[in-house]
Every structure is written in C-alpha cells, then in structure tokens.
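Asks: The structure is given below, and queries will be raised subsequently.
Laboratory data are not the source of any read-out in this text; all were calculated from the coordinates shown. All values derive from a computational prediction rather than experimental measurement. Cβ placement follows ideal geometry from the backbone for every residue including glycine, while neighbour counts extend to all protein chains displayed.
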Amino acid sequence: MRRAVYAGSFDPVTNGHLWMIERGVSLFDEMIVAIGENPDKRYTFSTAERLDLLEQALRHLPRVRIEVFENRYLVDFARERQAHYILRGIREAADYEYERKMRYVNADLAPHIDTVFLMPPRSIAEISSTMVKGLVGPKGWEQVVAHYVPPPVLSHLVNWQAGNHR
C-alpha cells in the first residue's frame, strides 16, 4: 500500500491545503493528514478546532485519515504509521530551500521514506493560514476570505471574528 503523510498546523485549513490533500489522494492509496502540535508555537485555534475543521473539509475525500502528532520528527511519525512517503508543498523558492534540506535530513533518519514535492497552481500558491487570518475583520472580509478557505472554515472564522477573538 502506498501511504503518505501530509503534515501542517492547519491553523486554519485553507484551499491550498485542500488542493495538496486532494492531489495526494489521487497519487497514493492512503493519506494521513497530520496536525502538528508544537508546544513552542502559539496557535489561533485549538487542536480540537483544527481537527474538526479538517474533518469537515475532507469529508468528501476517500482514504484520508487525520491524526495529531507532537514532539517528534515527522519522519518518525511516518515510519510508525508505515508510510513510505511524506508529501510537501512548494509555494516559493524559500519553501523549496527549506524542504530540500529537510528531505536530506529525513533521508538520513529513514532512507526508505521518500519526500514528494508538489507545486500548487498559481491561483492558490500564495494562500497561507497566516494570510487568511490577516484578512479577517475589515468590512466585506467574508467575501474575500471565501476564495481561500473551505466553507466550514469560513463559517468558523465568522463565528471567531464575531466573538472578537482577534
């Protein structure tokens, strides 16, 4: 079975993430979407919220499971799940440089796990969770953000903003 892991903070999940996961489903027999939980990082949304939003956004996709991982190397997480591929997105040159270096480290730690790089289409290449959160607030923001996130995420952002959690 060709199993791949796609990891991120998904704070929140965006259409860019969704594109990567959909492509992963078309390339692999099973996709594990791994929500990273780094104790040194501050998240806008809780792990439970991020998990729920991913479950809603990925409901239409077969062969996808979502798990949380923390305080371990991604390559170790992949090995524990018998995944032989790590899926990574490359949006720009800086992403490539970082991911290229990590690919070599991962290969040193687990030579049997390959890193697969995908480049999203230009229309979504600039989308990031940070960008999306930065767009929330000004009049009409909902129409703008709707282009960048799945509908369940937009609903969550509307409720989040209404609660003045900014």
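Asks: What is region 3-125 by shape, rounded, prolate or oblate, if you read a ≥ b ≥ c off the alpha carbon gyration tensor as root eigenvalues and call it rounded for a/c under 1.5, prolate for a/b larger than b/c, and oblate otherwise?
Replies: rounded
Asks: Another one. Enumerate the helices in the chain for which the Kyte-Doolittle hydropathy averages 0.5 or more and the C-alpha atoms extend at least 20 Å along the helix's axis, using complete DSSP H runs.
Replies: Helix filter hits for the chain: none.
Asks: Full extension from Ser46 to Val68: what is 0.36 nm times the residue separation minus their Cα-Cα distance, to one decimal in nm?
Replies: 6.7 nm
Asks: Normalised by the residues of the chain, what does the relative contact order come to in percent, with Cα pairs under 8 Å and at least six apart?
Replies: After rounding, I find 28 percent.
Asks: Express in nm, to one decimal, how much length is gained between Leu109 and Glu97 on full extension, taking 0.36 nm for each residue of separation and deducting their alpha carbon distance.
Replies: So the chain would gain 2.4 nm between Leu109 and Glu97.
Asks: Among the trypsin sites (Lys or Arg not before Pro) within region 33-98, which fall in a DSSP loop and have no more than 13 other Cβ atoms within 10 Å of their own Cβ?
Replies: Lys41, Arg42, Arg59, Arg63, Arg72
Asks: Right, another one. Just to confirm a number: summing +1 for Lys and Arg and -1 for Asp and Glu over residues other than Ala4 whose beta-carbon lies under 11 angstrom from that of Ala4, what do you get?
Replies: Once all neighbours under 11 Å are counted, the net charge is +3.
Asks: Can you tally the net charge around Glu97? Count Lys and Arg as +1, Asp and Glu as -1, for every other residue whose Cβ sits under 15 Å from the Cβ of Glu97.
Replies: Cβ neighbours under 15 Å give a net charge of +2.
Asks: Please compute the net charge surrounding Ile113, taking Lys and Arg as +1 and Asp and Glu as -1 over other residues with Cβ under 13 Å from its Cβ.
Replies: With Lys, Arg at +1 and Asp, Glu at -1, the net is +2.
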